[in-house]
Amino acid sequence: MEEYTLYATMGAGFESVVAKELQSLGYETRSENGRVFFKGSQADIVRCNLWLRTADRVKILLKEFPAKDFETLYNETYAFDWAQLLPVDAEFPVKGRAVRSKLHSEPDVQAIVKKAIVDKMSAQYRRRGMLPENGSRFPLDIHIYKDVARLSLDTTGESLFKRGYRIEHGGAPLKENFAASLIKLTPFNGTHPFIDPMCGSGTLPIEAAMIAKNIAPGTLRQFAFDGFDWFDQKLHPEMVEEAKSLVKPCETAIQASDIDQSILEVAKLNAHNAGVLQDIRFKQVAVKDFTTELENGVIVSNPPYGKRLKDKEGAEKLYAQMGEVLRPLDSFSQYYLTADPDFEKFFGKKATKKRKLYNGNLRVDFYQFWANRKH
């Protein structure tokens with residue numbers, strides 16, 4: 001069984017979360033910025049694409065080499081056995097990044113790598129002229145950092161945040177893997193109550209319910225490896241069936257509320273698609289009117305933040321209401337994501353800890369207020 005050098009990619013600041021998730025799946029890991037490396041077989045590639053909640057993609061590292069000039073980049077790329085990886089009709093887009101390297105022009109880096117692969121495949125398959133590129137898609141990646149080049153094959157395809165349960169929505173909801181990562185930064189493990197009092201289209205409570213029920217996040221979707229002709233095509237359907245057999249009942253209360261009834265309808269539809277509608281109690285209620293009888297749980301929320309000045313006043317008023325209503329719930333660990341640096345001032349309490357993150361390109365803070373447990 002061939003063993004590959006694999007790595008998962010993730011958003012900045014979530015390396016430790018993904019590493020922990022891989023370790024809980026039984027892998028030994030090595031982390032660097034934006035990547036966590038591990039070893040595995042084709043079965044592990046399927047398993048990680050199916051089960052990783054917090055990563056973006058799973059890639060195979062094909063080759064690593066120093067490259068300070070285009071000639072070396074071309075020759076090293078050409079030297080790889082591309083026919084073993086790519087069928088003659090493969091569609092193989094090449095994405096490139098170059099950071100702190102002599103070869104800093106990304107379009108040139110991509111073009112040279114593409115040319116080297118085309119030349120090698122033309123020689124291997126004895127083709128003249130263009131390759132058809134009308135078959136399965138093999139997304140390739142060239143990354144050069146400090147003059148060391150890495151060639152990789154993406155096994156995932158569309159990012160892992162695309163779980164397949166979310167319908168089109170207004171606003172800017174959290175990506176599913178970002179929401180799961182936030183939850184993984186809390187003590188929530190599916191055994192104590194979970195509340196999101198400003199749930200929008202429902203991503204946080206849905207991801208919490210999927211964790212509580214042990215639903216593999218990739219169950220509903222296809223991956224790039226499904227199109228690889230050398231990949232064992234029995235593995236994916238077998239492992240989806242196995243994953244479905246591991247789903248368990250939700251043993252805790254999950255509550256989600258929002259002031260906007262129309263967005264709650266979207267949230268319910270998303271929850272239905274994810275198979276967790278019965279496990280979440282949705283309720284239309286404004287934060288200022290929010291109450292709960294639950295204790296010893298976790299509150300995680302992504303309150304709206306005002307980007308324009310008029311909104312800013314509204315957002316700050318909301319934070320003050322949150323403080324009045326949620327601050328007294330001190331048996332709950334509370335976690336709030338916002339880009340407003342004055343959040344603590346309006347909420348009325350200093351966070352136990354805050355973590356700097358990026359939601360897309362937006363710099364945000366994850367404010368953490370730890371609980372006083374009631375026994």
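Where a number appears in this text, it was derived from the coordinates with a stated rule and is not lab data. This one's a predicted model, so the numbers in the text were calculated from it and none came from an experiment. All Cβ positions, even for glycine, are placed from backbone atoms using ideal geometry, and neighbour counts span all protein chains on display.
General remarks:
- FRET E, pair residue 158, residue 294, Förster distance 25 Å, beta-carbon r, rounded to 0.05: 0.10
- Nitroxide proxy distance, nm - points 7 Å out along Cα→Cβ at residue 313 and residue 230: 6.4 nm
- Calculated mean residue ellipticity at 222 nm for the chain: -10000 deg cm²/dmol, from DSSP H runs with n ≥ 4 weighted as -39500 (n - 2.57), summed, divided by the residue count and rounded to 500.
- With a Förster radius of 30 Å applied to the beta-carbon distance between residue 97 and residue 330, the computed FRET efficiency rounds to 0.10.
- Legend: ranking of residues 264, 220, 362, 160 from fewest to most surrounding C-beta atoms inside 10 Å; resulting order 362, 220, 264, 160.
- Three-way shape label, region 4-154, alpha-carbon gyration tensor, a/c 1.5: oblate
- Cα gyration tensor category, rounded, prolate or oblate, for the chain with a/c compared to 1.5: prolate
- FRET efficiency for the pair residue 214 and residue 133, taken as 1/(1 + (r/R0)^6) with r the Cβ-Cβ distance and R0 = 45 Å, rounds to 0.65.
- For the chain, complete DSSP H runs whose alpha carbons reach 24 Å or more along their own long axis and whose mean Kyte-Doolittle score is -1.0 or higher are 106-124, 309-326.
- Placing a label point 7 Å from the Cα of residue 125 along the Cα-to-Cβ direction, the residues of region 70-111 whose backbone N falls under 13 Å from that point are 82-93.
- Approximating the spin labels as points 7 Å out from Cα along Cα→Cβ, the residue 63-to-residue 241 distance works out to 3.9 nm.
- Under-16-angstrom lysine pairs by C-alpha in region 1-118, whenever the two are 8 or more apart or on separate chains: 9
- Modelled label positions at residue 115 and residue 355, each set 7 Å beyond Cα in the direction of Cβ, lie 4.5 nm from each other.
- Listed by Cβ neighbour count within 10 Å, with the fewest neighbours leading, 235, 50 appear as 235, 50.
- Residue order, fewest to most beta carbons within 10 Å, for 51, 370, 230: 230, 370, 51
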